[in-house]
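To start, the structure itself, in structure tokens.
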């Protein structure tokens with residue numbers, strides 16, 4: 001037994017010594033990018049079994065129909081059915097939240113960052129699942145008080161980016177500036193302050209919106225943006241209406 | 001299946017030896033060993049294939065299918081590593097409902113060997129990384145984020161060395177600048193260090209100190225940018241010992257992996273596998289064992 005062990009040890013030592021000397025010379029390589037489609041094969045059954053119970057929980061909630069849309073809503077610049085729809089509902093829900101939380105304010109302007117709008121909404125039934133695809137992030141609704149010049153700087157940013165999802169505003173893109181700006185139908189006043197409702201990501205200066213970090217007041221509602229959208233859509237259905245946003249030339 | 005394979009000799013010095021142009025299977029004996037690298041990025045919790053009603057990607061992609069693909073590849077070549085370049089989290093309701101838990105469980109079951117940290121990993125804050133982390137049965141490698149002053153201190157190795165059929169494979173990982181990309185409250189006291197400097201330090205350490213035969217970078221920097229933001233292309237041209245840069249973040253679709261020149265003018269492969277598990281990158285490195293070693297081992301074993 002002891003002999004066997006020493007023999008094994010000897011071999012191990014030898015192997016170890018030699019493996020230390022092992023040299024590998026890279027001779028060639030093969031590269032390819034494989035498309036993952038049905039042709040790759042079936043799904044791994046262990047994985048499918050692993051997520052099945054999670055999927056059941058999800059599906060129950062995800063297939064719930066929230067509202068009916070008259071059109072497919074797709075995002076585009078300078079304005080689009082989807083960007084207008086989202087901005088307008090955020091302005092409305094922002095006012096609801098401000099009222100619920102007894103904040104003495106009404107949002108003047110609303111803003112969704114374009115990159116954060118992750119999918120289109122279908123014509124016909126809009127489900128909870130659709131809203132999760134549209135807005136997968138856990139962002140919360142925030143209210144920012146901005147001086148007039150900061151609001152102008154923010155709208156210049158929108159102009160410089162070719163438009164976007166804003167509500168409560170009319171403006172004309174002139175080069176990289178926003179001109180003829182009207183907020184709530186009134187010409188922008190640099191001596192006034194305005195309330196912007198948006199998400200906590202951009203409010204912290206994300207996406208290069210540093211001017212939003214230079215605010216007079218910052219109120220985090222604690223309300224998830226996605227929940228605000230779901231609540232709004234439930235309201236549309238409760239009022240026996242359909243989703244039917246319009247292009248109105250708010251950004252030209 | 002539309003699979004186009006591209007075979008290359010590595011160094012000019014081997015041009016006289018014609019094996020590079022011949023599939024390695026023809027040399028299926030002890031002189032050669034092949035390390036297969038399979039890789040993904042930006043899966044964004046696409047555990048299942050995209051839904052059949054999805055206009056662009058119906059029934060494509062997803063981890064369940066990638067797991068199958070990886071199993072088949074491992075049967076062909078046990079010396080296979082399955083790697084990911086970050087943004088595992090966020091993108092389907094599986095994340096919103098179950099946070100990172102299900103994703104990390106599924107990746108573990110699929111047999112991932114390593115991953116790195118993408119910006120979306122921070123979406124539920126540092127606690128949102130810490131909570132599901134015990135479900136990851138694979139290392140999440142991060143070389144340029146310093147979590148020392150956070151609750152994640154000590155959670156992520158700065159490199160990992162794998163040994164397959166005697167070949168040493170060293171892997172390091174670099175992540176993107178978090179400021180202005182991730183909310184400050186979500187990354188807290190995490191410190192971002194210059195990925196280029198860190199990559200140079202790590203590759204030299206893995207190649208020269210640890211004597212790795214293959215050095216791989218898992219990067220969530222992004223493929224390339226118009227401005228001077230640091231990218232995988234910068235990494236490729238500024239490093240000397242990295243053989244493969246597996247990228248992410250920019251969701252880049254590449255018909256085939258890119259073959260670039262590193263700082264020493266030698267080849268470095270830069271690749272990215274789109275997103276959502278729609279593509280799996282595959283790089284096979286063929287190694288020749290040195291003659292001396294072969295003789296030595298056989299004379300003692302036989």
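Observations on the model:
- Of the residues B:129, B:169, the single one that is closer than 23 Å to residue B:240 by Cα, at pLDDT 95 or above and buried (at least 17 other Cβ atoms within 10 Å of the Cβ) is B:169.
- Here is the figure for segment A:76-93: residues that are in contact with a helix residue (DSSP H, G or I) (Cβ under 8 Å, 6 or more places away or on another chain) and assigned to a helix (DSSP H, G or I) total 6.
- Here residue A:166 meets the list (1) at pLDDT below 95; (2) within 19 Å of the chain's Cα centre (by Cα) almost entirely, failing just condition (1).
- Flag if residue A:240 is more than 14 Å from residue A:148 (Cα to Cα) and more than 14 Å from chain B (Cβ to nearest Cβ): yes
- In segment A:213-229, of all residues being surrounded by fewer than 19 Cβ atoms within 10 Å (Cβ to Cβ) and assigned to a helix (DSSP H, G or I), the one that is modelled with the highest pLDDT corresponds to A:227.
- When A:58, A:50, A:146, A:66 are screened for being farther than 30 Å from residue A:189 by Cα, assigned to a strand (DSSP E or B) and either in contact with a helix residue (DSSP H, G or I) (Cβ under 9 Å, 6 or more places away or on another chain) or free of Cβ contacts under 8 Å to residues at least 40 places away in the same chain (or both), only A:66 passes.
- Selection from segment A:183-199 of residues that are part of a strand (DSSP E or B) and in contact with a strand residue (DSSP E or B) (Cβ under 8 Å, 6 or more places away or on another chain): A:183, A:187, A:193, A:194, A:195, A:196, A:197, A:198, A:199
- Some residue of segment B:254-265 being within 13 Å of chain A (Cβ to nearest Cβ), within 15 Å of the chain's Cα centre (by Cα) and closer than 24 Å to residue B:114 by Cα: yes
- Restricting segment A:185-212 to residues that are surrounded by 13 or more Cβ atoms within 10 Å (Cβ to Cβ) and more than 18 Å from the chain's Cα centre (by Cα), the residue that is nearest to residue A:115 (Cα to Cα) is A:210.
Residue-by-condition table, conditions (1) closer than 30 Å to residue B:33 by Cβ; (2) surrounded by fewer than 24 Cβ atoms within 10 Å (Cβ to Cβ); (3) without any contact (Cβ under 8 Å) to a residue 40 or more places away in the chain; (4) more than 7 Å from chain A (Cβ to nearest Cβ):
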residue: B:46; (1), (2), (3), (4): no, no, no, yes
residue: B:53; (1), (2), (3), (4): no, yes, yes, yes
residue: B:59; (1), (2), (3), (4): no, yes, yes, no
residue: B:77; (1), (2), (3), (4): yes, yes, no, yes
residue: B:86; (1), (2), (3), (4): yes, no, no, yes
residue: B:91; (1), (2), (3), (4): no, no, no, no
residue: B:97; (1), (2), (3), (4): no, yes, yes, no
residue: B:108; (1), (2), (3), (4): yes, yes, yes, yes
residue: B:113; (1), (2), (3), (4): yes, yes, no, yes
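- Annotation: of all residues in segment A:114-130 being at the interface with chain B (Cβ under 10 Å from one of its Cβ atoms) and within 15 Å of residue B:96 (Cα to Cα), the one that is modelled with the highest pLDDT is A:128.
- Test: residue B:228 is surrounded by fewer than 23 Cβ atoms within 10 Å (Cβ to Cβ), modelled with pLDDT under 95 and away from chain A (no Cβ under 14 Å): yes
The values are calculated or read from the model by the stated rules, or taken from the named source; none is laboratory data. Not measured: the values here are computed from a predicted model. Note that each Cβ is placed from the backbone with ideal geometry, even for glycine, and that neighbours are counted across all protein chains shown.
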